[in-house]
Structure formats: C-alpha cells, structure tokens
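Here the structure comes first, spelled out in structure tokens, and everything after it is commentary.
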Amino acid sequence: MRAMLLYNTSSGRGRIEGKINDIRAVFKEANIEIEPRKIDFSKNPFDGYEDVELAVICGGDGTINYVINAMMNKGLDIAIGVIPTGTANDFASAIGMNNNVIMAARQIAHGGLRRVDCGKVNNQYFVNILSFGVLTTTSQHTSDKEKQIVGRLAYLRTGFVDLLNMHSMPLTIKCDGDKQQFNAVMFLAFNGNSAGQFKLAPKSNISDGMLDILILDYDNTAKTCWNMMNYIINHESGAVHHFRCRELELDCDTSEHTDIDGQPGPQMPLRIECLAGAIRIRA
C-alpha cells in the first residue's frame, strides 16, 4: 500500500513534528510504510501522488478541508485517515477519532473503510460546517500563534469583537424546492455535528446524505446572546430554526463573509449540497 502522512507544522501547538517517527512506527507495525510530508498550502499535496492509496492527515478542520478540496479538485477517491492535532477537531470527533495522536494512528492503521458525506458550496467543499453571520468567522480572524499558545481560549477575543458587530441578514432560501425568507443573525449548515466542540446539531449524522441547517433569528444584542446561550445549553430556542435538506439555494441582501471549516468560503449567492458518501474514511 502506498501511503502518505500529511502534516501541518502549525497544528498541535507546533509540536506534531516531534511525533512523526512514533506515528510511522505504528503504521510499520501494521505493515504499512507511510511517507511523511509537510503540507505546503501553496501546492496540491496530491501532485505526483495521484496513485496513493491512503492519505493520513495530521491537523485540524482547516487542514482537513484543504486536503479534501485538493483531492476533490483532482477527481480522486483516496482513503483518508485523520489524526486530530488542531484546535477544535470537530470533523475528527464526528467520525469517532481518538484525541490521542498515537491511539488515532492505531485506529487508522488497523481500521476498516467506510464512507461519509461531504458538503459542497458553489465550487468549494467542506467536511464539517459552512457558516456565516455573528461568531462564524472567529476562527479565520484568530491567528495561529494565539491558538498555539492558549488553544480554544484564543477564540474569545475575536468572538467578543464579532458580537459588537452583530447585524441583521435578510435571507432568501430555497431548500429542496421549498422557498422561505428569514431575518437572521447566524446561518449554519452542518455535515458534522459540532462547531468549536459545541454540539449545536447533536442529531446530525455524517453518513445520512443530509445537511442540518440552523438559522438564528435577529434581535437586539442582549436578546440574541440570550437566545444563543439558551440553544447551546438546552438545544432548543424559539429563535432557532432547524431543518434538514439535501440541496439548498441561498442569497442574502447584505454582503457577508462565509466560512467553511474555519477557512474563507465563497461569495453569495450560495448553492449548497450534500454529496452522500463522497469521502472514504479509514478508521
């Protein structure tokens, strides 16, 4: 089996390089010779590796997103393994990966294959979440250096700034043929079930061919914050609309920055779909 280990040197608070030999040893025990390669985010990691049978990713959701987009853009269907070394690791959690680097490596080395869904928005792919509105671009605006130093706490500063800039977003949505309008402050489309390790879509299934959509209604800042906290704690709020769909078309009257797995997403309007079973996972 030709396998490669793609790792982000900035993940794991910058300590992942010290564990590469231990990871290689785990795969060698399973008779898999795996080639470690640092990810160069200016290049497609599959250039010259189109015939690889297994790509193991060491990183967080943003790194996984980069690799999956690179693979999809080449039209490849390569088995993927995930060793979670990021800040939130929401996708790794959704597919049941152990948080320990060596234990996750063993899961992959001795695991079987299964298929999970992948989201697509316009010409980009996402593995966990597409979002826009208040608090949704916090990850983009938080530096890697801050995340390496304090982990998830790094999101608090940028999250507070986002709350101060909260505003209404008039949305027109066509979901599986049904047209609706919303005056929203936040939009989330889940392939996984969590964002920043908060399980906001606890019933979402990454293998059911559907996306779970959450829309938070706009109100004044205090009321909106209360509605958000109520939903996070109790998973219910009259201000949150929840529905499931395979395809969705969306436009917004205001110019909004979108986010896919913590990375910049496409501009409006959006065509969103769930690609059932598009990713092969080894675990």
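Numbers below:
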| read-out | value |
| --- | --- |
| Gly75 vs. criteria closer than 20 Å to Ala195 by Cα and of a type outside the set (A, V, I, L, M, F, W, C) | no |
| Enumeration of residues in the stretch 228-283 that are under 19 Å from Lys179 (Cα atoms) and polar (S, T, N, Q) | Thr254 |
| Qualifying residue in the stretch 147-162 (condition: among the polar types (S, T, N, Q) and modelled with pLDDT under 80) | yes |
| Count - residues of the stretch 60-103 that are without any contact (Cβ under 8 Å) to a residue 40 or more places away in the chain, out of contact with any helix residue (DSSP H, G or I) (no Cβ under 7 Å at 6 or more places or on another chain) and closer than 19 Å to Asn128 by Cα | 5 |
| Meets criteria (within 30 Å of Pro202 (Cβ to Cβ), surrounded by fewer than 20 Cβ atoms within 10 Å (Cβ to Cβ) and at pLDDT 95 or above) for Asn98 | yes |
| 2 or more residues under 19 Å from the mean Cα position of the chain (by Cα) and buried (at least 16 other Cβ atoms within 10 Å of the Cβ): qualifying strands (runs of 3 or more DSSP E) within the stretch 1-76 | 3-7, 54-59 |
| Selection count where residues are surrounded by 18 or more Cβ atoms within 10 Å (Cβ to Cβ) and not in a loop (DSSP other than H, G, I, E, B), scope the stretch 245-259 | 6 |
| Residue count, the stretch 212-244 (criterion: surrounded by 18 or more Cβ atoms within 10 Å (Cβ to Cβ), of a type in the set (A, V, I, L, M) and under 17 Å from Pro202 (Cα atoms)) | 6 |
| Criterion: out of contact with any Cys (no Cβ under 7 Å at 6 or more places or on another chain) and in contact (Cβ under 8 Å) with a residue 60 or more places away in the chain - qualifying residue of Glu35, Glu29, Glu53 | Glu29 |
| Residue, surrounded by the fewest Cβ atoms within 10 Å (Cβ to Cβ), within the stretch 260-283, restricted to residues that are among the hydrophobic types (A, V, I, L, M, F, W, C) and outside any strand (DSSP E or B) | Met268 |
| Qualifying positions in the stretch 172-214 - among the β-branched types (Val, Ile, Thr), farther than 16 Å from Tyr231 by Cα and under 16 Å from the mean Cα position of the chain (by Cα) | Ile206 |
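The values are calculated or read from the model by the stated rules, or taken from the named source; none is laboratory data. As the structure is a prediction and not an experimental result, all values here were calculated from the model. Backbone-built Cβ (ideal geometry, glycine too); neighbour counts: all protein chains shown.
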